[in-house]
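Novice: Here's a structure for you.
Coordinate-derived values only; no laboratory data. Computed from a prediction, not measured in an experiment: that's the story for all the values here. Please note: Cβ atoms are built from the backbone with ideal geometry, for glycine as well, and neighbour counts cover all protein chains shown.
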Amino acid sequence: MSTFPDGPGKGYLQTLQPGSTWYAWLNLVWSMWIFLVPLMEPRAFPHWLAPTLASYAVFLVLFHRVHYGQRRWILPSALAIAALGFVITPVNAGAQGYIIYACAYLPFCLPARRAIGGMLLLVAVFAGYWAWLRFPWIYVLNAVVVGLVVGLMNVHYVRRKQADIALKLSHDEVRRLAALAERERIGRDLHDLLGHTLSLVALKSELAGKLVERDPAAARREIDEVSRVARDALTQVRSAVTGIRAAGLGAELASARLLLESDQIELHYALAPVTLPPEIETVLALTVREAVTNIQRHARARAAEVTLSSTPREVKLRIADDGRGGAIVPGNGLCGMRERIEALGGRLRIESSSAGTQVEACLPLPRQSAAEMVDDLGAAAA
């Protein structure tokens, strides 16, 4: 089964090589050699034009099937392109270009070893065919060398894409498992907390009901105790909910550590115990993701640090590395990061020097609601 699924409405190579729909057609520039060789040797190939144009029309159809079709179409299309090279070579030595295209496509439809074996077999058979035609060897060397070089480059490219996709899948799994573990922990805490508290409330309420007529003062004390226990439980539940809300940021940091340690970059982080609204936590988690991705791709760092601090009015996230720094060129990631932060009334500051890069995001915390203030005052009074 392929590691790279065909995208919806896209061909296999479009999914593997994302870009504009016309980008693939730039690869046709190399097909000019199919026409240049006979133009440079008109006496050797006097009747090349008509069969070459016919073969090129077929090649364009196969080229479209390779780049915009499903993966299962690539191998038969590549073999058909190679066949064009064998058929047209007797009247046009430039048809060796078809062999190069076939070598370039084999890594996208075969495992690495089979693709390399297929390329070696193809160029070997073509070289023997060339010798049988008694054409100058200088031309076939181009097909052999360039075909193998391009094919091996694509083998490396496919392997790298497979590693990237596997790493992304592992990161997604780490985030999912971290979030699941955190939810399970909070669930256990809530069960233990509420089970004990509600049992105590039920017991004291029942006792107060029995004491109402015989000893009103004792009943009053039991009711006050029920009120105190309920407020304590409310405080603890809020603490647990804070943990649930922080799970997204925690999962993102776990994924960041996995990503950086795969490149031998140490990650240290320290988070202040602060209640974060979900929208603020989401923005901070996405900021961590973008910053860590930039560190892994560009910084060449040995260590990175993430710290989260807060005041009653704002929360501050700082991400620093000891990489090479340099001029920051705003891309889609940085622009999206800044837009998300500024949309919540925050600010983003990025400093980069030869000692590394620092990203600092400050976001205002919402004011405490009147109901929360009443509850907190009541809990303090109790």
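Novice: Report the extension gain between Ser170 and Leu198 in nm, rounded to one decimal, defined as 0.36 nm multiplied by the number of residues separating them, less their alpha carbon distance.
Specialist: Extending this stretch completely gives an extra 6.0 nm.
Novice: Gain in length, Leu39 to Met153, computed as 0.36 nm per residue apart minus the alpha-carbon separation, to one decimal in nm? Could the numbers behind the result be given before it?
Specialist: Values: separation 114, 0.36 × 114 = 41.04 nm, distance 2.97 nm.
Extending this stretch completely gives an extra 38.1 nm.
Novice: Note down the net charge around Gly323, summing +1 for each Lys or Arg and -1 for each Asp or Glu among other residues with Cβ under 13 Å from its Cβ. Could you put the intermediate results ahead of the total?
Specialist: On the way: positive: Arg297, Arg300, Arg302, Arg324; negative: Asp263, Glu266, Glu305, Asp321, Asp322, Glu351.
Its environment carries a net charge of -2.
Novice: Just to be sure I understand the curve: with the Debye formula and one point per C-alpha of segment 18-88, what is log10 I(q)/I(0) at q = 0.13, 0.15, 0.27 Å⁻¹?
Specialist: So the normalised log intensities work out to -0.44, -0.57, -1.29.
Novice: Assuming R0 = 56 Å, can you tell me the calculated FRET efficiency for the pair Phe135 and Leu258, based on Cβ-Cβ distance, to the nearest 0.05?
Specialist: Once rounded, the FRET efficiency stands at 0.55.
Novice: Starting with the fewest neighbours, write out Tyr56, Tyr98, Tyr129 ranked by other beta-carbon atoms found within 10 Å of each beta-carbon.
Specialist: Values: Tyr56 19, Tyr98 29, Tyr129 16.
Ordered from fewest to most neighbouring Cβ atoms within 10 Å, Tyr56, Tyr98, Tyr129 come out as Tyr129, Tyr56, Tyr98.
Novice: Using the per-residue mean of other Cβ atoms lying within 10 Å as a proxy for protection, in what order, highest first, do the peptides 255-261, 357-363, 340-346 fall?
Specialist: Working: 255-261: 19.6, 357-363: 21.4, 340-346: 15.7.
Final packing ranking: 357-363, 255-261, 340-346.
Novice: Between the alpha-carbon centers of segment 115-159 and segment 196-225, tell me the distance in whole angstrom.
Specialist: Segment 115-159 and segment 196-225 have Cα centres spaced 90 Å from each other.
Novice: To continue, here is another question. How far apart, in nm, are the 7 Å Cα→Cβ label points at Ser353 and Ala230?
Specialist: Reported label-point gap for Ser353 and Ala230 is 5.8 nm.
Novice: Work out the FRET efficiency for Leu180 and Glu266 from their Cβ-Cβ distance, taking R0 = 25 Å, and round it to the nearest 0.05.
Specialist: Details: r = 26 Å, r/R0 = 1.05.
According to the calculation, E is roughly 0.45.
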